[in-house]
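Notes to accompany the following structure.
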Amino acid sequence: MKIQSLAVIFAIIILPIVIILSYFIHAEVDTIAIQTGYDTKLIDSTHDAMAALEINTANEDLSSVADSLRSIIEASTNVFFNTLATNLGISNAGNASVDAYVPAVLYTLYDGYYIYSPTRVPEILTADDDVVYVGDKGVTCLGYTTYNAGGVEKRVGRYKFESSAYVKGEKNDSTYGVLEGYGISHEYGQMLYLNEDGTYSPQVHHTDGRTDNTKYKQSHILKSYMPYSARYQGTNAGTDAAGDYDLTINYTLDNYLTIEGNIGAVYYSKTGYLISSNTVTSATANGEDLLPYNEKTAEEMILAGDKELSITIDPIMENGDRPGGIEITYSPMEYDGEVLSYSKAKEILTKLYEKINTDDDGDGIPDHTEDMAIISEIQRLELGVQQLGAIAYYVKAEIFSDWVYSNLNNIRASNVADDIAKLNEDYFETESKFDLFHSFKTFADDGVTVDYEDTTLIFQSDVNPELADSAFYSHKVNVIRNNIQYNLNLAISAYNEMLQTRNVQMPVIKDSEWEQILTRVSVTSFMQGLQCGMKVYNNYAIASSTNNELTMLPTEMYYTVDNEFNTANVEHEYHKIDCDNLPGDDGTNYISFTSKDIKYDKIYDRSTRLYAYDHRNLGCYRCAIPSNYEKDVYDRNGNPARGYSDDIIISLLSPAKKKAYYVGTANAKQAIYKTNAITDSNGFEVINQDESTLEFLNRDSVQDLSANLSARPIKEVREVEVTLSNLKCDNASEATVNFTLILNGSIETDYSMVLNLEQATPQTMVFPIHITDDRGEQTVNRIGLKKIDLEDRVTCRKLNVRIVYE
Amino acid sequence: MSDTLITVVAILLGAILMFVFPLMSVAERSDDMSSLSVQTAVTEFVDNSRAVGKITMANYQELVSTLNATGNTYDIEIEVKVLDENVGKKSAWTTGTVIGENIYYSVYTSQIMEVLTDENGTSSYNMAEGDIISVSVKNTNKTMAQTIRGAFYSISGNDTYQISAQHSGIVTATGSN
Ligand SMILES: [Zn+2]
Ligand SMILES: [Zn+2]
């Protein structure tokens, strides 16, 4: 063959390969470019959603408005969809066009999470932006059909709507009569839902094979708040807790817990921070021991601010050692001659901050920024308030934790029940219940035999539950993660079912990202189904927040020396606790604040439009502005060295800084808003509900109230509540009667309660009980009510008796 | 012109058509492939770092090994723009009506590597939410396509690169625990 022919053959073979390869590679490059573009858009939209959440929580008193958190989340999802639509270049088409590509947006908050995802919802009839009701002009009843509601035949009206006849606010007078004729007059004035055949009905209904079933449309909704919870069942929950238990424990991103449920006959609702036992070694108020009180009572005593307080704490540090006793004290503070409570002091602080930022001469510049008279008052009160908050935190936490370690110390990870506890919505019920917490317990194929169980004790008193290597921490993280993953899967598969056209799968979230989700408030958004070059897009983005009212991170706390706090002096910087440049010796006091306080400081006064700052200190350019700084750490052999660390190494801090750290973090935790918070932390037992008649014959007559007592020690009894009705006295001239309570036939309370005679309506007496001496060891076996002061016969009906336990 | 000369020219042209052109084309495609994996690796590195708020040694090494797998050598430049919270405060002292603008100062590769490689360190460089990270990668050797092209027409300037990728974005989470 000639060389020319060879050349031609060679070219014929090579050229198509080169062309196809080049085409393919360019298509691949385009795909990657589009995908990268989507990634960036998704991350940026998620970041915007997080920023909206931060800004909205920053200036909001979350506890004052019911469900304000929910509306904040809804606002945040709006921001997300708006940004995403704008980024994708379809802003005017509205959110609906983007909605279809977002199977879920997950908000993981402090004590639970929200999932924003598409759900089928019925369509409500509206006209001129108003809801149309049965009876309005334009609505005509076409008759009724019967449908099957859980086995019962029910009538539901069918209506037609003519928008031309509709006049806002005007009624059609004949409608009611028509409805009465059909026997469905109860439908008058109800909202209407669209049916599949274009008619309307006031009830959501479905019967197989019919054409007038309720029509559903797909809509994104924020599902109800789901707590990070697990349910535990078993017997003998702890050393002091015999009998069957059925408890729900709600976890949070930190060591705060809420426990609700029954142990034996007592229903407990306990809430508090879990710390290792003996973290607080002593706590006194005016010399009186605070630890035997209920946490709520102790908190009230402390926050009143009128007592000399002194506590000693000795927490377990990250290296397993204890610092050897840190004393936190508080003496009552006065302002304008008035002794300040915790809340009053905070109120005055707010006023003082405002005073610094006032602009007297109207030049747009705050005039008192260097007024040391005000600033030193702020420093004094701020320091005091922080000590007080920290004392309240530790005392409450110790009382609560002691209860946990003696009542729940036998609960193991495998005691997790096989369903999610206390979820409000039915459709979170699982088909294969064992899936949810499979990491704690798995079953053989028969569904009964236990294959594997994690028998770790959850509450171990001698380890610090805040440390990541504690059993509590890893169990908590597992519960939260399983819980979220499970519900997220459900939401995404529900979405799948709705779409029917493409198969949406939940992407696998990496471990490092889980860690992020499980330590801070985060927004995770999922986007799927967009066509990008040669494939279909499927990814997610996470944005986390460290500047919000909902969590406290020790590494995001800043400190200044107390007399440098809030001065306009550029030398007086704020630092992280482990920064070398934070000055001070062993006697120094520090004032702390969170990164959020600084970040959202500048939108302080909206009314005067003055950009003033509550925190005037400048950030240190070593530790606060960037966060990579050389500090004291342990090297690989455990010896002190210089290096970098993400964690605060408490054991290497000076004593004054250790104290500042423990006070600062405790005070910040004390101030966190908790969605699941319950005001009281106690247990109660209803012991008598038989409505029998009691008869007190003469002075000092005692009637027995007890029945079904669970026989817990008297020292645990916080209150006894007795409700009586129909109080009558033989002597009509008497108006009131006094009672006291007697425990076990001999222990008489110091309190007497006055009830009105000749009153039929129920009256409740609450007897506070606080017995700390030897008698407290006796178990409650009898409760007697004793009439004092009055000779004449008194009768009444016994309605209810409850014992409230600590 | 003599037939001999024409034959020599024809053979030369034939050689170029038969060998150099396909070789160049294949070399260019190979650079495209490299570009693709480099761009992907850089994007992944930036997006991972900004989502968790830290540049980790593990991620950095993954980037480096992906780059090395293309058979070329690269120069990696990382820049973190740190948001300076202080600036607003300073300006507020003189005027109450101007909110501090977002002012950034930059930290560059060598400073970041110093933290990443510290022996008593966490092998990670932390960033704060609101900071901006950008990474740019360029090849430092001559790729085959560049060499072949260089034989035929000269490339002005020595720093012309064939494979490059950059990606940047705002950090969406504060790093450190
Ligand atoms: Zn002024
Ligand atoms: Zn510092």
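Between A:Thr358 and A:Thr86, full extension at 0.36 nm per residue minus the direct alpha carbon distance yields a gain of 93.9 nm. Here each label is just a point 7 Å from Cα along the line to Cβ, and for A:Glu338 and A:Ser474 those points are 5.3 nm apart. Return, ordered by residue number, the residues of segment A:125-142 whose backbone nitrogen is under 12 Å from a label point located 7 Å along Cα→Cβ of A:Lys217. Within reach of a label on A:Lys217: A:125-127.
The trypsin sites (Lys or Arg not before Pro) found in segment A:470-554 that occupy coil by DSSP, while having at most 13 further C-beta atoms within 10 Å, are A:Arg502, A:Lys510. Remark: segment A:404-417, residue by residue, has Karplus-estimated 3J(HN,Hα) of 4, 6, 9, 10, 10, 6, 9, 6, 10, 4, 6, 7, 4, 6 Hz, where x stands for each Gly or Pro and the curve is 6.51 cos²θ - 1.76 cosθ + 1.60 at θ = phi - 60°.
Give, rounded to the nearest 20 debye, the magnitude of the charge dipole that chain A has about its Cα centre when Lys and Arg contribute +1 at Cβ and Asp and Glu contribute -1 at Cβ.
Values: 65 positive and 119 negative charges, 507 e Å.
The calculation lands at about 2440 debye.
Here the label points at A:Asn262 and A:Ile3, each 7 Å from Cα along the C-beta direction, are separated by 10.0 nm in the simple model.
Give me the mean projected area, in nm² to one decimal, of the convex hull enclosing the Cα positions of segment A:332-403.
Its average projected convex-hull area is 6.0 nm².
Label point 7 Å out from B:Phe21 along Cα-to-Cβ: which residues of segment A:1-33 have amide N under 20 Å? Residues A:2-24 qualify, since their backbone N sits under 20 Å from the label point. For segment A:392-397, backbone phi angles converted through the Karplus equation (6.51, -1.76, 1.60; θ = phi - 60°) give residue-by-residue couplings of 4, 4, 5, 5, 4, 4 Hz, Gly and Pro being listed as x.
Note on A:Phe10: accessible area is roughly 70 Å² with a 1.4 Å probe, heavy atoms of protein only.
Only helices enter the 222 nm calculation for chain A: every DSSP H run of n ≥ 4 contributes -39,500 (n - 2.57), and dividing by all residues gives -9000 deg cm²/dmol, rounded to 500. FRET efficiency for the A:Phe24 to A:Ser406 pair, using the beta carbon distance and R₀ = 56 Å, is estimated at 0.20.
Computed FRET efficiency, Cβ-Cβ of A:Ala33 and A:Ser224, R0 25 Å: what is it to the nearest 0.05?
On the way: r = 40 Å, r/R0 = 1.61.
The formula returns an efficiency of 0.05 here.
Charging the Cβ of each Asp and Glu at -1 and of each Lys and Arg at +1, and nothing else, the dipole of segment A:124-214 about its Cα centre rounds to 200 debye. A 1.4 Å probe, protein heavy atoms only, puts the accessible area of A:Tyr558 near 20 Å².
What shape does segment A:124-223 have by the C-alpha gyration tensor, where a ≥ b ≥ c are the square roots of the eigenvalues, rounded means a/c under 1.5, and otherwise prolate means a/b greater than b/c and oblate the rest? Verdict is oblate for segment A:124-223.
The B-A contact accounts for roughly 5200 square angstrom of buried accessible surface, both chains included, probe 1.4 angstrom.
For segment A:301-307, putting each phi into the Karplus relation 6.51 cos²θ - 1.76 cosθ + 1.60 with θ = phi - 60° gives couplings of 4, 6, 6, 4, x, 9, 10 Hz, in residue order, rounded to whole numbers and with x for Gly and Pro.
For the cross-link pairs A:Lys344/A:Lys659; A:Lys344/A:Lys715; A:Lys441/A:Lys596; B:Lys81/B:Lys138; A:Lys223/A:Lys659; A:Lys599/A:Lys657, the ones whose C-alpha atoms lie over 31 Å apart are A:Lys344/A:Lys715; A:Lys441/A:Lys596; A:Lys223/A:Lys659.
If you sort A:Tyr335, A:Tyr107 by accessible surface, 1.4 Å probe, largest first, the order is A:Tyr335, A:Tyr107. Between A:Lys510 and A:Glu170, the contour length at 0.36 nm per residue exceeds the alpha carbon distance by 116.6 nm. In this calculation the C-beta distance from A:Arg775 to A:Glu721 is compared with R0 = 30 Å, giving a FRET efficiency of 0.90.
Over 22 Å apart at the Cα level, from the set A:Lys307/A:Lys396; A:Lys41/A:Lys510; A:Lys41/A:Lys476; A:Lys270/A:Lys396, are A:Lys41/A:Lys476. With each label modelled as a point 7 angstrom along the Cα→C-beta vector, the A:Asp451-A:Ala760 pair spans 6.5 nm.
Name the shape class, rounded, prolate or oblate, that the alpha-carbon gyration tensor gives for segment A:691-806, where a ≥ b ≥ c are the square roots of its eigenvalues, rounded holds for a/c under 1.5, and otherwise prolate holds if a/b is larger than b/c and oblate otherwise. Mind dumping the intermediate values first?
Working: a/c = 2.19, a/b = 1.87, b/c = 1.17.
In terms of gyration-tensor shape, prolate.
Straight-line cross-link partners of A:Lys168 among the aspartates and glutamates, defined as a Cα under 20 Å from its Cα and at least 8 positions apart when in the same chain: A:Glu123, A:Asp128, A:Asp129, A:Asp130, A:Asp136, A:Glu187.
Within the same chain, aspartates and glutamates fewer than 8 places from A:Lys787 are excluded, and of the rest, those with a Cα less than 20 Å from its Cα are A:Glu691, A:Glu695, A:Asp700, A:Asp704, A:Glu719, A:Glu721, A:Asp730, A:Glu734, A:Glu748, A:Asp750, A:Glu758. When a 1.4 Å probe is rolled over the protein heavy atoms, the share of accessible surface on segment A:124-214 that falls to carbon and sulfur comes to 45 percent. The share of alpha-carbon pairs in the protein assembly as shown lying farther apart than 48 Å comes to 43%.
The values are calculated or read from the model by the stated rules, or taken from the named source; none is laboratory data. This structure is a prediction, so every number in the text was calculated from the model and none was measured. Glycine also receives a Cβ, built like all others from the backbone with ideal geometry; neighbour counts cover every protein chain displayed. SASA here: full protein model, heavy atoms, side chains in, ligands and nucleic acids out. Shrake-Rupley method; radii C 1.70, N 1.55, O 1.52, S 1.80 Å.
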